Amino acid sequence: MADENSWRTNTFRQSVVAKIDEAIRQSGMNTSRNSIEMENHVFQKAKSKEEYLGFVARLILHVRELSKYLYNF
């Protein structure tokens, strides 16, 4: 069984930052916060790995949906 706190390691968090950064780059949007700040905000709110990953997924979906909305006008 994997360590229950593995999601708190710098390595795991850096992989999440990279995914957020990729979503922002693909969206072509300029954001007021960078991917590190966004991930840190989510990390501070999360109480478990499941909650953390859920927040990250919603954040990435939000970036993608917002870019679709903005570029359709």
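The table below gives the values:
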{"quantity": "Qualifying residue in segment 34-47 (condition: in a helix (DSSP H, G or I), among the acidic types (D, E) and touching a residue at least 12 places away in the same chain (Cβ under 8 Å))", "calculated": "yes"}
{"quantity": "Verdict on Q26 being out of contact with any strand residue (DSSP E or B) (no Cβ under 6 Å at 6 or more places or on another chain), touching a residue at least 12 places away in the same chain (Cβ under 8 Å) and either in a helix (DSSP H, G or I) or among the hydrophobic types (A, V, I, L, M, F, W, C) (or both)", "calculated": "yes"}
{"quantity": "Complete set of residues in segment 20-73 that are over 23 Å from D3 (Cβ atoms), surrounded by fewer than 17 Cβ atoms within 10 Å (Cβ to Cβ) and small (G, A, S)", "calculated": "G28, S32, S67"}
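We did not get these values from a lab; they are worked out from the coordinates using the rules stated. As the structure is a computational prediction, the values presented were derived from the model and not from experiment. Neighbour counts run over all protein chains shown; Cβ positions are idealised from the backbone, glycine included.
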